[in-house]
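Notes to accompany the following structure.
Read-outs throughout are calculated quantities, based only on the coordinates presented, and are distinct from any laboratory measurement. Just so it is clear, the model here is predicted, and its values are computed rather than measured. Every residue, glycine among them, receives a Cβ derived from its backbone with ideal geometry; neighbour counts consider all protein chains shown.
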Amino acid sequence: MSFTKVKIYNIALSALLLSREIIDIETDPNQNEIRVLNTFWDIALESTLQDLDLDSLSQPISLELLATLEDDNPWDYVYKYPSNCAFLRRIESGAAVDNKSTHISKRTAIYDGQKAIYTNQYQAVGECIPKDVPLEAFNAMAGMALGYRLASFSAPLITGKGAKKLRDTIEAKYLIAKAKAQETDSLENFNYEPEWQRSEFVEARLS
């Protein structure tokens, strides 16, 4: 299945129990519904990307260095948080799947008035989920989850009375879609790591 913004909007309308279909976001006569859905689109998309945290929607981004910190600071480098990053998953370590020994520590905070990433990694590359992920990259249940999230945010302004009960139902559907989307993504991106490699006992014996 290939998703478009129009398809996501119609999933949202269906979740809101409205027997209407949007054909064209720009010219469709259902202007009130479109106006409300447009209002919540960006926050629905970004929050869904963050919540789903799918491997298949991530990409590497070279981070822009803002500062090198003094020796008495626990962090060596400060990097600019990418403006197009919806969610920073990790600092890439060179390992396909990080474990305790390969994980690169990081934290996000404000530096000089802007959101920044603190780490000890030189020339750091972040694994980010970008805000402008093409909708065609969503698996079937991820697209459904986005439609449900959009519907939940839009419910009070579209359905009015009774929105709370309807939102509870939509949120339950969202959680199911989220779990199925993550399961599909996990199967498509599984990298085998033997159990002994994850064992702290074995790691301690080998060190």
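Amide H to amide H distances under 5 Å link Leu69 with Tyr77, Val78, where only residues 5 or more positions off or on other chains count and H is placed in the peptide plane. In this label model, Arg89 and Glu46 are separated by 2.0 nm, measuring between points 7 Å along each Cα→Cβ vector.
Close amide H pairs (under 5 Å, H built 1.01 Å from N) link Cys128 with Gln59, Ile61, Arg89, residues at least 5 positions away or on another chain. You can think of it this way: the chain between Phe190 and His103 has 29.5 nm of extra reach, that is 0.36 nm per residue less the Cα-Cα gap.
Using 1/(1 + (r/R0)^6) with R0 = 22 angstrom and r between the beta carbons of Arg35 and Ala179, what's the FRET efficiency to the nearest 0.05?
Efficiency, rounded to the nearest 0.05: 0.10.
Go ahead and run the numbers for FRET between Gln59 and Asp112, Cβ-Cβ distance against an R0 of 35 Å, rounding to 0.05. Before the final figure, lay out the partial values.
Numbers: r = 26 Å, r/R0 = 0.75.
So the FRET efficiency works out to roughly 0.85.
Near the amide H of Ile104, within less than 5 Å, lie the amide hydrogens of Ile91, all on another chain or at least 5 residues away, with H placed in the peptide plane. 3J(HN,Hα) along the stretch 70-81: 5, 5, 7, 8, x, 10, 8, 10, 10, 10, 5, 6 Hz, from the Karplus curve 6.51 cos²θ - 1.76 cosθ + 1.60 with θ = phi - 60°, whole Hz, x for Gly and Pro.
What list do you get for Val125, Val78 if you sort them by fewest beta carbons within 10 Å?
Values: Val125 17, Val78 21.
Least crowded to most crowded, the residues run Val125, Val78.
Comparing Arg167, Arg90, Arg35, which has the greatest mean-square fluctuation in the GNM of the chain with Cα pairs linked when under 10 Å apart? Of the options given, Arg35 has the highest mean-square fluctuation. Step through the table entries Lys7/Lys173; Lys7/Lys178; Lys7/Lys161; Lys106/Lys180; Lys7/Lys180; Lys7/Lys131, compare each Cα-Cα distance with 24 Å, and write down the pairs that go over it. Check vs 24 Å cut-off fails for Lys7/Lys161; Lys106/Lys180. Couplings 3J(HN,Hα) for the stretch 17-34, derived from phi with the Karplus relation 6.51 cos²θ - 1.76 cosθ + 1.60 (θ = phi - 60°), are 6, 9, 8, 10, 10, 8, 9, 9, 4, 7, 10, 4, x, 6, 5, 5, 4, 5 Hz, where x marks Gly and Pro. PRE reach from Ile25 (point 7 Å along Cα→Cβ): which of the stretch 127-159 fall under 11 Å by backbone N? Correct set: 135. For the pair Asp76 and Ser14, label points projected 7 Å from Cα toward Cβ lie 5.2 nm apart.
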